[in-house]
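Here's the structure, in structure tokens; my notes come after.
Laboratory data are not the source of any read-out in this text; all were calculated from the coordinates shown. Just so it is clear, the structure is predicted and the values come from calculations on it, not from any experiment. Cβ coordinates were reconstructed from backbone atoms using ideal geometry, including for glycine residues, and neighbour counts include every protein chain displayed.
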Amino acid sequence: MDKYESVLRDMKQILETISEVNKVSFGYPKPITEEDTFTSIYIAPTGDTFELVKPGYNASTYDNVLYIKLLININCAEDDLYWVTIRRKVIDAVLEDSPIWSSIIDRNIVSAAYDDYINYPLRELDILFEFKLREDCVI
């Protein structure tokens, strides 16, 4: 398994450890109005950038910066600010030291975005993370 796939699989496992999360999927995200499982998280790789780290002609000469967006569907019917709890738990779970460190050299939170309360008490959150991968160790 290459490091890109490893990061995606590790991310899913990490998110599944959050007790409030009932579904983690790589599948197509359900619109909040069609969601039947709360709290649900959809993992969506959104793009990559590449940084040359040593002269060469293959992928191992670059760091791969992978951007992963988490699309989160939450039901706030019992607590108006439940989305704040979920936001913090997701961010903490991803940024804590975890097995994902065996595949990456750095990770950061890039942004968090929220819906406009259109379907309240249902809320949608998007959290974007950045992971830097290096195929080979460079000295």
> Quick one: helix 82-95 against the long Cα principal axis of the chain, what's the angle to the nearest 10°, folded into 0 to 90?
Replying inline: 20 degrees
>> Only sites in a loop by DSSP and with at most 14 other Cβ atoms within 10 Å count here; which GluC sites (Glu not before Pro) in region 77-127 make the cut?
In response: Glu78, Glu96
>> Quick check on the exposure proxy: order Ser40, Ser25, Ser111, Ser19 from fewest to most C-beta atoms within 10 angstrom.
In response: Ser19, Ser111, Ser25, Ser40
>> Could you tell me which residue out of Tyr62, Pro45, Trp101 lies farthest along the dipole of region 1-138 toward its positive end? Charges go on the beta carbon: Lys and Arg +1, Asp and Glu -1, centred on the Cα centre.
In response: Tyr62
>> Report the number of Lys pairs in the chain whose alpha-carbons are under 27 Å apart, with separation of 8 or more residues or on distinct chains.
In response: 20
>> Quick check on the exposure proxy: order Glu130, Glu20, Glu34 from fewest to most C-beta atoms within 10 angstrom.
In response: Glu34, Glu20, Glu130
> Mind checking which of Asn108, Asn119, Asn58 has the largest fluctuation in a GNM of the chain, springs on alpha carbons under 10 Å?
Replying inline: Asn58
> Can you work out ³J(HN,Hα) from phi for every residue in region 23-37, in order, using Karplus 6.51 cos²θ - 1.76 cosθ + 1.60 and θ = phi - 60°, giving whole Hz and x for Gly and Pro?
Replying inline: 8, 10, 9, 8, x, 4, x, 7, x, 4, 6, 10, 5, 10, 10
> Which number do you get for Rg(Cα) / (2.2 N^0.38 Å) in region 1-127?
Replying inline: 1.17
> If you take the charge dipole of the chain about its Cα centre, with +1 on Lys and Arg Cβ and -1 on Asp and Glu Cβ, which of Leu8, Ala77, Gly27 is farthest toward its positive end?
Replying inline: Leu8
> What is the fewest-to-most order of Ile91, Ile14 by other Cβ atoms lying within 10 Å of their Cβ?
Replying inline: Ile91, Ile14
> What ³J(HN,Hα) values, in whole Hz, does the Karplus curve 6.51 cos²θ - 1.76 cosθ + 1.60 give for region 3-15 when θ = phi - 60°, with x put for Gly and Pro?
Replying inline: 5, 4, 5, 4, 4, 4, 5, 4, 4, 4, 5, 5, 5
>> Suppose every Lys and Arg Cβ carries +1 and every Asp and Glu Cβ carries -1, with no other charges. What dipole size does region 3-134 come out with about its Cα centre, to the nearest 20 debye?
In response: 540 debye
